[in-house]
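The values are calculated or read from the model by the stated rules, or taken from the named source; none is laboratory data. Just so we're clear, the structure is a prediction, and the values are computed from it rather than from any experiment. Note: ideal-geometry Cβ built from the backbone for every residue, glycine included; neighbour counts use all protein chains shown. Only protein heavy atoms, including side chains, enter the accessible area calculation; ligands, DNA and RNA are left aside. Shrake-Rupley method; radii C 1.70, N 1.55, O 1.52, S 1.80 Å.
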Amino acid sequence: MENCIFCKIIKGEIPSKKVYEDADVFAFHDIHPAAPVHFMLIPKLHIASLVEVEEKHRDLLGKIMLLAPRLAKEQGCTDGFRTIINTGRIGGQEVYHLHTHIIGGGSEKLPVMIPNPS
Ligand code: 5GP
Ligand code: ZN
């Protein structure tokens, strides 16, 4: 996709701090980290959001889920981490190239994202 910043990051047209790359997947640190470890795991294939995934993406999605804990550990998340996929307007998605945030590191428990109303 021509104007997609994450496609440009994959191609090296926008610089990033790379965490991992293979034929199908790219991972890089978030420019505005929310915690000591905060990187994104993305498919090289441009899929705009989780709403757009289809049966043909099953292996790719499985690969991302399998890589998430491995890379999180390698980056220093030794006691857990959070994965977030913001989707669409309600989900607060800003970049429309499917991405899984992996957030953790440090020793403090991450804050609750959506407080329980009770
Ligand atoms: P979203 O809100 O779409 O789930 O998250 C998009 C994320 O991409 C944000 O956390 C934002 O900081 C990150 N981001 C946006 N532009 C860039 C960029 O050019 N480089 C990097 N490394 N991260 C970016
Ligand atoms: Zn893209």
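Calculate, for the chain, the solvent-accessible area per residue in square angstrom, rolling a 1.4 angstrom probe over the heavy atoms of the protein chains. Before the final figure, lay out each step's value.
On the way: 7730 Å² over 118 residues.
That works out to 66 Å² per residue.
Where is the GNM fluctuation largest for the chain (alpha-carbon springs, 10 angstrom cutoff): PRO15, PRO43, PRO69?
Evaluated over the chain, the most mobile residue of the options is PRO15.
Of the heavy-atom accessible surface of the range 5-100 (probe 1.4 angstrom), what whole percent is carbon and sulfur?
54
For ASP24, what is the net charge nearby, where nearby means another residue's Cβ is under 9 Å from its Cβ and Lys, Arg count +1, Asp, Glu -1?
Neighbourhood net charge equals 0.
Longest span of the chain, sites excluded, free of trypsin sites (Lys or Arg not before Pro) in DSSP loop with at most 11 other C-beta atoms within 10 Å?
Values: sites that count: LYS17, LYS109.
For trypsin sites (Lys or Arg not before Pro) (loop position, at most 11 other Cβ atoms within 10 Å), the longest site-free span of the chain is 18-108.
Helix-only mean residue ellipticity at 222 nm, the chain, DSSP H runs n ≥ 4 weighted -39,500 (n - 2.57), per residue, nearest 500. What is it?
One gets -7000 deg cm²/dmol as the mean residue ellipticity at 222 nm.
Apply 1/(1 + (r/R0)^6) to the Cβ-Cβ distance of HIS46 and VAL112, taking R0 = 35 Å, and write down the FRET efficiency to the nearest 0.05.
Working: r = 33 Å, r/R0 = 0.93.
Plugging the Cβ-Cβ distance into 1/(1 + (r/R0)^6) gives 0.60.
Please state the equivalent ellipsoid semi-axes for the range 5-100: what are the square roots of 5 times the Cα gyration tensor eigenvalues, largest first, in whole Å?
Gyration-tensor ellipsoid for the range 5-100: 19, 15, 15 Å.
Among the GluC sites (Glu not before Pro) in the range 1-97, which ones are in a DSSP loop with at most 14 other Cβ atoms within 10 Å of the Cβ? Mind listing them?
Answer in residue order: GLU2, GLU13, GLU54, GLU94.
For helix 58-74, what angle does its Cα long axis make with the longest principal axis of the chain, in degrees from 0 to 90 and rounded to 10?
50
Cα to Cα, under 29 Å, and not fewer than 8 places away if on the same chain: which lysines meet these conditions relative to LYS17?
Of all the lysines, those that pass the test against LYS17 - Cα under 29 Å, at least 8 places apart if same chain - are LYS8, LYS44, LYS63, LYS73, LYS109.
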